[in-house]
Structures are given as C-alpha cells and as structure tokens.
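Notes follow once the structure below has been shown.
Read the figures in this text as sums done on the coordinates, not as results from a lab. Since the structure is predicted, the reported quantities are computational estimates derived from the model, not experimental observations. We place every Cβ from the backbone using ideal geometry, glycine too, and count neighbours over all the protein chains shown.
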Amino acid sequence: MAIEISTDATNAAIASIQRYFATNLNEEIGGLGAGALLSFFLKEIGPVVYNKGVADAQTRMQERVMELDVEVYEEAFTYWAKQGRQGARQK
C-alpha cells in the first residue's frame, strides 16, 4: 500500500526539506529534488512509521477492550437489594 499525503502536506514538506537543507547543511535543494527526496522517504521510511502507528493504535484498542468489562459491568440480581425493606413481605 502506497503512503500518500495531500497536496498541501506535500507542498509544506517540500518547503520544510528545502529549509532544512539551507539551514542545517548550507546547501540549496530545488523543489524537484526536495520532492524526489520526499517521495523516497514516503516509499522507503513511510511504511515503518505507518506500521508503528497501526501497532500503537491496535495496542491501545486492545487495552480499551480489556477494560470494557470493568467500565460497563452491571451487577445482576440487584432488584431485592435495592428494594431493601420496602420489598419485604408484610406480616
């Protein structure tokens, strides 16, 4: 499955890559080069990040499912206990 990002995210990422090169490497990289680098990262490294996100979400969902019985547990056969003396037979 290819990892795709929106056009706005692509444009922002390309600008960020260009700024990174200029600021940290004292090099200029054009929009085409930055776009190619972004494409490489999305294809090569993107799946690792994506899979980690899926695994984290799955772990969190499993934790929530394990807590489900505690969160929504309802005690059975409580009618008479809730009635107290009112539900007792009159002698």
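For volume of the Cα convex hull per residue in Å³, several values are listed as (1) 98; (2) 180; (3) 85; flag the one computed from this structure.
Calculated volume of the Cα convex hull per residue in Å³: the matching label is (2).
Neighbouring Cβ atoms within 10 Å as the yardstick, rank Ser6, Ser16 fewest first.
So the ranking, lowest neighbour count to highest, is Ser6, Ser16.
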